[in-house]
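Read the structure below first, then the notes.
The values are calculated or read from the model by the stated rules, or taken from the named source; none is laboratory data. Worth saying up front: this structure is predicted, and the values here are computed from it rather than measured. Because the Cβ atoms are built from the backbone with ideal geometry, glycine has one as well, and the counts that use them run over all protein chains shown.
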Amino acid sequence: MLGLALDLLIAALVIGVALWTVRTRDDFAAIVGFVAYGLLLTLAWARLAAYDVALTEAAIGGGVTGVILLRASIRLKPVATARKPIGARILVGLLCAAISAALAAVVLLPMTPAPSLAIEVRTHLASTGLGNPIAGVLMAYRALDTFLETVVVLLALFGVWSLTPDAAWGGRPAMAVPAAAFGPLPLFGRLLIPVGIVIGVYIVWVGADAPGGKFQGATILAAMWILAMMAGLTQAPSIGRWRLRLLLAAGPIVFLAIGLAGIPLAGAFLAYPEALAKPLILLIEVALTLSIAATLGLLVAGPPDVTPGVEP
Amino acid sequence: MTAALMATTPGGLLLVLAVVVPVIGILALWLVRARDIEWVAIATLAVNLFLSLATLQAVRASDAPLVYLVGGWLPPLGLALRVDGIAAVLMAMTGAIVAVTALYARGQFGFDPQGPERRRPMVFWTMLLAITGALNLIFAGEDLFNLYVALELLTFAAVPLVSLDGSRDTLEAALRYLVFALAGSVLYLLGVAVIYGAYGTLDLVVLSEIRGAEGALLLAIALMTAGLIAKTALFPLHLWLPPAHAGAPAAASAILSALVVKGSFFLILRLWFDLLPPGLGTIGANGLGLLGAGAVIVGSVLALRQARLKLLVAYSTVAQIGYLFLIFPLATGSEAASPFASLAWTGGVLQLLAHAFAKAAMFMAAGLVYEAIGHDRIDGFRGLGRLAPITVLTMTLAGLSLMGLPPSGGFSAKWLMLSASLGEGAWWWAVVILAGGLLAAGYVFRILMPAFSTPDAPAERLHPVALTRELAALSLAVIAILIGFLPLSPWPLLAIGRLIQVSP
């Protein structure tokens, strides 16, 4: 009973915050609404016992995306967005309502219980040495998706970098540095960063057997790096540096190398020799964590605007 | 049946390599010295061309699709890659056009082998390789989520090409493209979720055997089709295309117009012919055909009214995409043993091929015209034929194919579609095809008439253009013409490995 009340409350809040986020005219308020919406979705996933999804939603959906939106809104001059004509709004509303109604019908009136792959996922899990079925899906059964998603994230970073002014190519992104070296942000940074790094590493490590994993852990590591940059404790690196690029590419390179080695050693691309499956998967996860953390941090830092060799 | 379809075939490894090699190229690009990026990219695309031709040859020789089980896991647990006849043809087309574009783009974008690394060449070559890999995966993918990843790769690679110049206008065009493309992605992903919820698998081969006429399937296909239409720029969701394709640098426009929009189109084709139960989609197929007809007419009329060559060519893409959607009513309405043995199926694929080669050639030529005379205003084209004869020849040949005059790939495509519509008694599609051809003749002659006329005063060429670049553009136009010499009948290759072999 209490569970049902809680679920209803979360559902009502999700819809309410979503509506408010769409309706508000102020950029900043909309972003805060979006982050709150992400946190509420995290609760919803947790209530569904999908802890991996909940962690990811909190880290990526609410966290990193919120920070990126905030930085974008600070960069933009405040613009008064005119309301669309009433006809267009009604049309969009009707379309959304139709899609929602059709989705609701499909979800609420199932023809047969939806088949599930859960049993098969667990049956084959032993051969991968993993304990968390989600990790099994991501690193073994659908490893190709995971590999290509890391390429997508990297490509998104290159897309952000493509907006660099020509003169600043090879330079570094400037972060606003607080005036006082001992203000609240640097102090906060010094206290939180060591703790955050430990938590991030733990979440990556535990991901093989329990909810967690590289994406979630890497996001926390990236957040600590971003905090250090924002607090002025460190500078964003120059995008022309070879070591940085190696760090970004390390995850996909290790993944690909092990995947290709699977062709002669285990009979197929992205197959693991059974005796070595667990250590190889861990090796990929470590390399991916470093690359994803670096990529996410640089996505937040944005395109370089400091010309190489010229310091402001 | 599943067991037979679901085992790695000899040559299946080619499909893995076709997806992986471009990714290796991208990673290498960012790690090698600045002066080496061009040859690394071109070498990667050369390997890719070889792989795609080998794939086509393997499918032809074995008369069966190539299959690879990634990680050795059988779907629905794992992912399979599968290339049938039509996918192999499109992979080979992509390999060829991308390779020729690379030759055309060599030394462009301020690339300086002696100087420091620059933004535009780095971004261009990275995204060109990414588009190649993404399209290979779209043609080879068999799992709807795997295909979603491919669509994301394609979008994230295509959008930065639009704003490569970095001007305000192109940034705006790129942003608009991004919004349309992401809205499309969301709708597609929603459909994927509905299908997974209903069937517990996303593998197209498995799905084609277990699905019935359930509401969930129909809703999912409707959502995914709507999303993919936005990415394909089918009328009336075409608004993003002209500024985006016209604003990109010529080499990028060629890829965007010739190939990128075909990726999402191919997925619509797969949803409608592999997933939708036969006989169910008649109304929907006619609806798609109607939108296609609208695209042919509206796109052509708008192309006629453009003052600038690149915008004209971009609006022509809107129109030529429209023809592709006539496949849906014509192939489902055909009397042939299966839709894949119909005239319209082959006609549609020929249209896709011919347009890809002709449009890539046309955009490259537009870029060369801009370099030769410093602008692309059509009213200033007088005497162009003397200044840049090879480029004008390229535009003429590509234009023939766009109009559908014989002998050309465009003619064969439109002739097959015309025969299909008359054969089925659906004369109204024939009217659209003919009207579109007339309007296309109008906009092509608008370019060619001044180009072939004698100038009032002898004009001068602003910049010399490398002969290899002119020949690169010409070679694509010649291929568009040569496609017209293929036999005018259904092409057995295009029916190899199709999932539904029986007529509804």
Matching option when the condition is crowded, with 24+ Cβ neighbours inside 10 Å, at the interface with another protein chain (Cβ under 8 Å from one of its Cβ atoms) and among the hydrophobic types (A, V, I, L, M, F, W, C), among B:Val59, B:Val70, B:Val98: B:Val70
Residue within the range A:85-104 that is surrounded by fewer than 20 Cβ atoms within 10 Å (Cβ to Cβ), without any contact (Cβ under 8 Å) to a residue 24 or more places away in the chain, more than 11 Å from chain B (Cβ to nearest Cβ) and assigned to a loop (DSSP other than H, G, I, E, B) present: yes
Elements of type helices (runs of 4 or more DSSP H) in the range B:233-307, at least 3 residues being touching a Pro at 6+ places or on another chain (Cβ under 7 Å) and at pLDDT below 95: B:282-304
Matching helices (runs of 4 or more DSSP H) fully within the range B:376-460 where at least 3 residues are hydrophobic (A, V, I, L, M, F, W, C) and out of contact with any Ser or Thr (no Cβ under 8 Å at 6 or more places or on another chain): B:389-403, B:409-423, B:427-452
Residue count for the range A:135-151, restricted to those that are at the interface with another protein chain (Cβ under 7 Å from one of its Cβ atoms) and in a helix (DSSP H, G or I): 8
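Quick grid of which residues meet (1) of a type outside the set (Asp, Glu); (2) over 23 Å from B:Phe145 (Cβ atoms); (3) surrounded by 19 or more Cβ atoms within 10 Å (Cβ to Cβ):
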residue	(1), (2), (3)
B:Glu214	no, no, no
B:Trp240	yes, yes, yes
B:Ala250	yes, yes, yes
B:Ile268	yes, no, yes
B:Phe273	yes, no, yes
Cross-chain or 6+ apart pairs with Cβ under 7 Å, the range B:197-225 first and within 8 Å of another protein chain (Cβ to nearest Cβ), then among the basic types (Lys, Arg) and assigned to a loop (DSSP other than H, G, I, E, B): B:Tyr199/B:Arg211
The range B:424-475 - residue that is charged (D, E, K, R) and more than 27 Å from the chain's Cα centre (by Cα) and, of those, modelled with the highest pLDDT: B:Glu424
Flag if B:Arg176 is more than 21 Å from the chain's Cα centre (by Cα), surrounded by fewer than 23 Cβ atoms within 10 Å (Cβ to Cβ) and away from every other protein chain (no Cβ under 11 Å): no
Single condition B:Arg498 does not satisfy, out of (1) at pLDDT 90 or above; (2) within 26 Å of B:Gly292 (Cα to Cα); (3) not hydrophobic (A, V, I, L, M, F, W, C): (1)
Search result, residues across the range B:160-173 that are crowded, with 24+ Cβ neighbours inside 10 Å and facing chain A (nearest Cβ under 8 Å): B:Pro160, B:Ser163
When residues of the range B:101-127 are limited to those that are within 14 Å of chain A (Cβ to nearest Cβ) and more than 18 Å from B:Ala158 (Cα to Cα), the one modelled with the highest pLDDT: B:Arg118
Flag for A:Gly200 being surrounded by 20 or more Cβ atoms within 10 Å (Cβ to Cβ), in contact with a Gly (Cβ under 6 Å, 6 or more places away or on another chain) and either on the phi > 0 side of the Ramachandran plot or not acidic (Asp, Glu) (or both): yes
